[in-house]
Amino acid sequence: MNNLNLLTGRAINILAAPKPLPGEVTDAIDTVKLWVQGIGGGVAVIGLLILAISLFFANRHGQGQEFMGKVGWWIAGAVLFGLAGVIAPIFLGF
């Protein structure tokens, strides 16, 4: 084998061996994730309530089309927030 194959083989072996974080760090990360999820979920519910109130007034004035644009943004934000827990570890390397 040539030297390049030996170096790439070693590099792959080095990258494939994860090192776990200490218990205190993972507990702290879990606590932060819990707080962020709780606050984000609360903000999403408050946003949905605000959208429901604006639907009432939009329907009263016959402006339902503008409301649907707001609902689309809310759904996109809720989906992105829901997937953040899955996407973040990819970038953070957990």
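See the values below:
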| quantity | calculated |
| --- | --- |
| Residue 27, sole failed condition from (1) farther than 23 Å from residue 83 by Cβ; (2) surrounded by 13 or more Cβ atoms within 10 Å (Cβ to Cβ); (3) under 20 Å from the mean Cα position of the chain (by Cα) | (2) |
| One residue from 44, 76, 28 being modelled with pLDDT of 80 or more, touching a helix residue (DSSP H, G or I) at 6+ places or on another chain (Cβ under 9 Å) and aliphatic (A, V, I, L, M) | 44 |
| Considering residues of the range 39-93 that are free of Cβ contacts under 8 Å to residues at least 24 places away in the same chain and of a type in the set (Phe, Trp, Tyr) only, the residue farthest from residue 20 (Cα to Cα) | 57 |
| Of residues in the range 64-89 being out of contact with any Leu (no Cβ under 7 Å at 6 or more places or on another chain) and surrounded by 13 or more Cβ atoms within 10 Å (Cβ to Cβ), the one nearest to residue 26 (Cα to Cα) | 84 |
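The values are calculated or read from the model by the stated rules, or taken from the named source; none is laboratory data. Quick caveat: nothing in here was measured; it's all calculated off a predicted structure. Positions of Cβ are backbone-derived with ideal geometry, glycine not excepted, and every protein chain shown enters the neighbour counts.
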